[in-house]
Structure formats: structure tokens, C-alpha cells
1. As an exercise, take the mean of 1/r over every pair of distinct alpha carbons in the chain, invert it, and state the Kirkwood radius in angstroms.
2. Rounded to the nearest 5, what % of DSSP beta bridges with both residues in the chain are antiparallel?
3. Post the alpha-carbon centroid distance, the stretch 1-54 to the stretch 125-166, in whole angstrom.
4. Would you look at the GNM of the chain, springs on alpha carbons closer than 10 Å, and say which of L113, L190, L135 moves the most?
5. Using R₀ = 25 Å, calculate the FRET efficiency as 1/(1 + (r/R₀)^6) where r is the Cβ-Cβ separation of K85 and S26; round to 0.05.
6. Please report, ordered by residue number, every helix of the chain (full DSSP H runs) that is 27 Å or longer along its axis going by C-alpha atoms and whose mean Kyte-Doolittle hydropathy reaches -1.0.
7. How large is Rg over Rh for the stretch 99-210, taking Rg from the Cα atoms and Rh as the Kirkwood inverse mean of 1/r across Cα pairs?
8. Of all trypsin sites (Lys or Arg not before Pro) in the stretch 117-210, which ones are in loop regions per DSSP and have a Cβ with at most 14 other Cβ atoms within 10 Å?
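The values are calculated or read from the model by the stated rules, or taken from the named source; none is laboratory data. Computed from a predicted structure; not experimentally measured. Glycine also receives a Cβ, built like all others from the backbone with ideal geometry; neighbour counts cover every protein chain displayed. All accessible areas refer to the heavy atoms of the entire protein, side chains included, with ligands and DNA or RNA removed. Shrake-Rupley method; radii C 1.70, N 1.55, O 1.52, S 1.80 Å.
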Amino acid sequence: MSHQPARLGLTGGIGSGKSTVANMFSALGAVVIDADAISRSLTTPHGAAIEAIKLQFGEGMINADSSLNRDRMRELVFTDISAKKRLEATLHPLIKLEMQRQDQVAMTSGTKLIVYDIPLLVESQNWRAILDQILVIDCLHSTQINRIMQRNNFKQIDVEKIIASQASRKMRNSAADKMIFNDSITIEQLREQVTHVAKHLQPQFDERKKL
């Protein structure tokens, strides 16, 4: 009988601690498929999306090394909703194909848990059908702002723009099968909750793996 891993969708607003949680799942032995990492790989020098972006947005969005000018693109999509939609229409099919490829590799490896780390999971209707559950990492709005200002040295107004461009906290939380409130808890408490989620999805998950 073929092995069927559990598939968990992981999402959360910027500054929620989603990446930290993804790393914890990876340390447990799960395979993490990271949509952001795939997107970045598509827009590195001579990446698979560069020519399509050049056609859509012009040479000015491409750096001299044939990579995406992320700062310029960020400014554009925050002020022009049609540009955001065009960028998503260019990137999302390529991201989905690579995620499907990584899923097949993970299945072949015999993993018991595949974690789909997707920042825009709630905004998209494409993933629900293949996921067993959705885990949302939540925190207070003020915590998001403080974390990103400290981590990225952004101004508050810029952080507010990023948060406004994502699904609302209410929308994300309403889509959750499970939620971790990552605010005013210790890193050990966070690890315990992540471990609990993993074992709930796959009771036979490799308990020899330690975070």
C-alpha cells in the first residue's frame, strides 16, 4: 500500500513568526515547501520568471544582473492593484508547478508530513482541496509592526502598507483549522505547540526527531 503523507497548509501575516514555525516543522523531519523561497528563486539572475516579468513591466524592473528589482516592484504593486494582479498572474502558475514537483519528491522520500508554507494561502482558493488542515500563526497587529520594524528596519508606514496588502487577520483566522497565537509566549512554548500539531496530523510521526 502506498504511503500518503499528511499535508498541512501554514500561513500567517508578516511578522507572525510563520518562518520560525516552518523551521520547527523542518527540524521535526517534515518536508517544508516554501512558496516565498520558490518565488525568490524564480526572480534571481536569469530566473524562470525574469523574461515574463520583463515583457509585462519593462526593462526598468530588471537589475543589471538580470534579477528582479524587488524594491521598485514592491513600490509599484503597493500603489497599483492592476500591477499586483499582473505580477501574481505571472508568478503563481510557476510557483504552483514547482510546489507540485517538490511534493512529488517528498512523497518519493517517504516523508510523513508535508508543510505548505504559503503567505497568501487564504487569498488563494487553489490549495484547500489538497490540504488536510490549515494552521494559522496569529499575533497582535501591534506585535507585527514592532517585529518588522526591528527586523527589517522599516518605517511604520511601510509596514502598515505591507499588512494592508495581505488578507485581514479576521479573514486568515476564520480559515484556520488550527491556530497558534504567537504573542507573549516563549520559544519553548511555541515548539510544544508545533510538535502537538505535527503529532495530531500524523500520530506515527517520527518521535525520535527533536526540535
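1. 18.3
2. 5
3. 15
4. Result: L190 has the largest fluctuation of those listed.
5. 0.20
6. What comes out of the filter, once short or polar helices are dropped, is 81-109.
7. Answer for the stretch 99-210: 1.00.
8. Taking the stretch 117-210 and a limit of 14 other Cβ atoms within 10 Å, the loop trypsin sites (Lys or Arg not before Pro) found are K155, R208, K209, K210.
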